[in-house]
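Enquirer: My questions will all concern the structure given below.
What follows is calculated from the coordinates using simple rules that are stated; it is not laboratory data. This one's a predicted model, so the numbers in the text were calculated from it and none came from an experiment. Please note: Cβ atoms are built from the backbone with ideal geometry, for glycine as well, and neighbour counts cover all protein chains shown.
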Amino acid sequence: MRILLLSFTAVLLAVLNLQAQSELTHVSVCKILEKPSAYDGKMLRVRGTVRSWFEFFALVDSDCKDAIALDFPDDPLVKPKPDFKAEEDDAYMNLRRLVTEYTRYAPALARATLVGRLDGVDELKPPVDDAPPGVIRGASRSSNGFGHLGQYRARLVIMRVVEVERLPLPEKPPSKPDQVDPSVPKY
């Protein structure tokens, strides 16, 4: 009887999970960036190129010039706190590992389909310099934006990584240390 009840519960949860997945809004990076506030607080499924470099972690698409900042739900700076936990399966852990593999000359790159909560605003407000005395001016993160220094109009808090594929890094560094390899896809 107990096995039957556990089996029934597992089937019910699987059906509910499939229903929730079918209710997700599938949307492109560029569509989100047209009017981020239209998707604010919604769970979305989106595909794009993940770029991770020093102080940069975002989802980009070569067809649009802006980016969607990315965050993991366990980041203490994510506000409001998500009402979900990340599904830490192999794909999720692969993405977490990949985003740390950038070099001095090139970002870590991956094509990925992500599911998460979008936070979005249509217009960025200038940062308020509310730094306390003794702190370098401009160092505080006070604006309505997202990502490093609040410079992005949208952020996806990642709940699940549907798929992730590493994109190759350049084989050798550029000839000048301050030059970025032109073969690395831009956003």
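Enquirer: What is the spin-label model distance, in nm, from Asp40 to Leu124 if the labels are put 7 Å beyond Cα along the C-beta direction?
Expert: Modelled inter-label distance: 1.7 nm.
Enquirer: Also: What nm distance separates the two modelled labels at Asp74 and Thr25, each placed 7 Å from Cα along Cα→Cβ?
Expert: The two pseudo-label positions are separated by 2.9 nm.
Enquirer: What does the highest-first list of 98-106, 146-154 look like by mean Cβ count within 10 Å?
Expert: 146-154, 98-106
Enquirer: While we're looking at this one, here's another question. Hey, which of these cross-link pairs are over 21 Å Cα-Cα: Lys35/Lys65; Lys65/Lys125; Lys31/Lys85?
Expert: Numbers: Lys35/Lys65 14 Å; Lys65/Lys125 19 Å; Lys31/Lys85 26 Å.
Checking Cα-Cα distances, Lys31/Lys85 exceed 21 Å.
Enquirer: Is the shape of region 35-74 rounded, prolate or oblate, going by the alpha carbon gyration tensor and its root eigenvalues a ≥ b ≥ c, with a/c under 1.5 for rounded and a/b larger than b/c for prolate?
Expert: Values: a/c = 1.88, a/b = 1.20, b/c = 1.57.
Cα axes put region 35-74 in the oblate bin.
Enquirer: Take the alpha carbon gyration tensor of region 25-166, find the square roots of its eigenvalues, order them as a ≥ b ≥ c, and report rounded if a/c is under 1.5; if not, report prolate when a/b exceeds b/c, else oblate.
Expert: On the way: a/c = 1.57, a/b = 1.33, b/c = 1.18.
Because a/c hits 1.5 or more and a/b exceeds b/c, region 25-166 counts as prolate.
Enquirer: To the nearest 20 Debye, how big is the dipole of region 50-93 about its Cα centre, given +1 on the beta carbon of each Lys and Arg and -1 on that of each Asp and Glu?
Expert: Working: 5 positive and 12 negative charges, 50 e Å.
Dipole magnitude for region 50-93 comes out near 240 debye.
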